[in-house]
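**Student:** Have a look at the structure that comes next, please.
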Amino acid sequence: MFVVRRFFLLLCLSTPAQAMHLGVGFASHTSGRMVPSFNGGFGLGSSLLVSGTSSGVATKAYYSNQYSLSFLYRFDFGKHWFGQLKGGMGVGATYGTKAVAANPDADEQDGVESEEQGDVDSGLGPAFRIAFNPFSGFYIGLDYVLAIGPGAIGNGWGDVGMFALGLEI
């Protein structure tokens, strides 16, 4: 793990970050309910981009969270009447956990513990990002990872998409 951290640190320090983006929005990892999410990333040189998302929800009956990380080759579609349009494509990874309470009305103060039925999903696959900049420094973006892994086969998340509004620094 130490070697991996050093590699990424060296990679980040050896090339100037051309842009950073930070935003908030909604992700689709629950296959229906839109979940609040954070989006962030940075450029590696002029043609590479690292982008990630983090989202989650928790109630008394269940919880679900998801993380994705994408390494993308980025390109510029140019300036249009509605603003600057940028894109990226590459490879991404997802990881998430979810659980449902078997007895959500259990009260731990009465000595009854809540039982959970949980699952972990992960996968690798193609990743895409499209960002529209109507104003300088502001973006409306869509990050998407089409993950192939155990989740795609066994009633899990096969793909994770996120819509975000944010700032480019």
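**Student:** When the chain is fully extended, how far beyond the present Cα-Cα distance does residue 61 get from residue 138, taking 0.36 nm per residue of separation?
**Tutor:** Full extension of this stretch gives 24.0 nm more.
**Student:** Residue 98: which lysines have alpha carbons under 16 Å from its alpha carbon, excluding same-chain residues fewer than 8 sequence positions away?
**Tutor:** Cross-link targets: 60.
**Student:** Which whole-Hz ³J(HN,Hα) couplings does region 62-70 yield from phi under the Karplus relation 6.51 cos²θ - 1.76 cosθ + 1.60, θ = phi - 60°, glycine and proline marked x?
**Tutor:** 7, 9, 7, 9, 8, 10, 9, 9, 10
**Student:** So for 116, 168, what's the accessible-area order with a 1.4 Å probe, most first?
**Tutor:** 116, 168
The values are calculated or read from the model by the stated rules, or taken from the named source; none is laboratory data. Here the structure is a predicted model, which is why all the values come from computation and not from measurement. Areas reflect the complete protein model, heavy atoms only, side chains present, ligands, DNA and RNA absent. Shrake-Rupley method; radii C 1.70, N 1.55, O 1.52, S 1.80 Å.
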